[in-house]
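Worksheet for the structure shown next.
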Amino acid sequence: MPDTDAAPRLRWWRELLYIAAFYGVYTLVRNRGLNANAHIQAFHNAKRVIAVERFVHGFHERYVQHLFLHWKTFIQFWDVYYGTFHFIVTIFALVWLFKRMPARYPQWRNTLAITTALALIGFAFFPLMPPRLLETMAPHHYGFDDTLQKYGGLWSFDSGTMQKISNQYAAMPSLHFAWSSWSALVLLPGVRKRWLRVLLILYPFATLFAIVVTANHYWLDAAGGALVLTIGYSIARV
């Protein structure tokens, strides 16, 4: 009989190379240089998103943020959550799946890759100004606060390095929400403890709260994240 335990040991380095190469391309494309008028296009797209949310009576992000804005430590936690959890949990889920459920690994790895690739298309063709930056274009009109700038976190978009390497208009769809939902779907089948299952089910909703309360996304971005994840999963199953 073939040594099923040996297979992962023989190919873990190959998967690592695939992931590193893909993430390198993702970072390069996502953070590519923007043209001089990108902020204008991103602002107009933001107004379009807000118009859609208002049409369905769902533009409540500012209200949600202001409910909690006076709790500095609480907001700082969500700033840190926003900057770290989607990487840490996604990497953990990928490694866990590779080691514990190798038969499911290829399909869910491909789902993650396709989802991320679809998001890159969205970033390229629909640059979107997040709520926290609206004040730069329309002071005192929308009323959002940049919580990283106001209270701080592990890093800041205002730092010279982050300004050079980050594309702050890569917001639609939200990969934070797509990756958190992917992680929950990957991990749930292998978890038996009820409290862990509850945490996994709540994880995407916690991420939705994080991206809204920190004014990094509109809820419609999360809907976009759910859409690209659904498409990615459907393609990966073929």
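The values are calculated or read from the model by the stated rules, or taken from the named source; none is laboratory data. This one's a predicted model, so the numbers in the text were calculated from it and none came from an experiment. Methodologically, a virtual Cβ is constructed for each residue, glycine included, from the backbone with ideal geometry; neighbour enumeration extends over all protein chains shown.
The residues listed here are His57, His39; of these, the one that is farther than 29 Å from Ala124 by Cβ and either loosely packed, with under 12 Cβ neighbours inside 10 Å or over 19 Å from the mean Cα position of the chain (by Cα) (or both) is His57. Set side by side, the residues Ala117, Ala124 differ, and just one is within 15 Å of the chain's Cα centre (by Cα), at pLDDT below 95, surrounded by fewer than 19 Cβ atoms within 10 Å (Cβ to Cβ) and not in a loop (DSSP other than H, G, I, E, B), which is Ala117. Any residue in the range 99-107 that is hydroxyl-bearing (Ser, Thr, Tyr), surrounded by 13 or more Cβ atoms within 10 Å (Cβ to Cβ), modelled with pLDDT of 80 or more and over 20 Å from the mean Cα position of the chain (by Cα)? Yes, there is a match, as at least one residue in the range 99-107 is hydroxyl-bearing (Ser, Thr, Tyr), surrounded by 13 or more Cβ atoms within 10 Å (Cβ to Cβ), modelled with pLDDT of 80 or more and over 20 Å from the mean Cα position of the chain (by Cα). As a summary of the residue check, Pro173 satisfies the conditions (1) modelled with pLDDT of 95 or more; (2) under 18 Å from Ala223 (Cβ atoms); (3) in a helix (DSSP H, G or I) except for the one numbered (3). Over 18 Å from Phe92 (Cβ atoms), modelled with pLDDT of 95 or more, touching a helix residue (DSSP H, G or I) at 6+ places or on another chain (Cβ under 9 Å) and not basic (Lys, Arg): does that describe Ala223? Answer is yes for this residue. Taken together, the residues in the range 74-95 that are surrounded by fewer than 17 Cβ atoms within 10 Å (Cβ to Cβ) and aromatic (Phe, Trp, Tyr) amount to 4. With respect to the stated conditions, Tyr81 fails to be closer than 21 Å to Pro173 by Cβ, of a type in the set (Phe, Trp, Tyr), under 19 Å from the mean Cα position of the chain (by Cα) and at pLDDT below 95.
Checked against (1) in a helix (DSSP H, G or I); (2) at pLDDT 95 or above; (3) in contact with an Asp or Glu (Cβ under 9 Å, 6 or more places away or on another chain), Val186 meets all criteria but (3). Of the numbered criteria (1) assigned to a helix (DSSP H, G or I); (2) under 23 Å from Ile235 (Cα atoms), the one Ala103 fails is (1). Restricting the range 196-230 to residues that are over 22 Å from Asn167 (Cα atoms) and hydroxyl-bearing (Ser, Thr, Tyr), the residue that is farthest from the chain's Cα centre (by Cα) is Thr230. When Arg32, Arg9, Arg14 are checked against the criterion of being under 20 Å from Ala170 (Cβ atoms), modelled with pLDDT under 95 and charged (D, E, K, R), a single residue qualifies: Arg32. Taking each residue of the range 179-192 that is touching a residue at least 12 places away in the same chain (Cβ under 8 Å) and within 12 Å of Val89 (Cα to Cα) and looking for partners that are surrounded by fewer than 21 Cβ atoms within 10 Å (Cβ to Cβ) and small (Gly, Ala, Ser) with beta-carbon atoms closer than 8 Å, six or more apart or interchain, yields Ser180/Ala206; Ser181/Ala226. Taking the criterion of being over 18 Å from Thr90 (Cα atoms), part of a helix (DSSP H, G or I) and aliphatic (A, V, I, L, M), the residues of the range 202-220 that qualify are Val212, Val213, Leu220.
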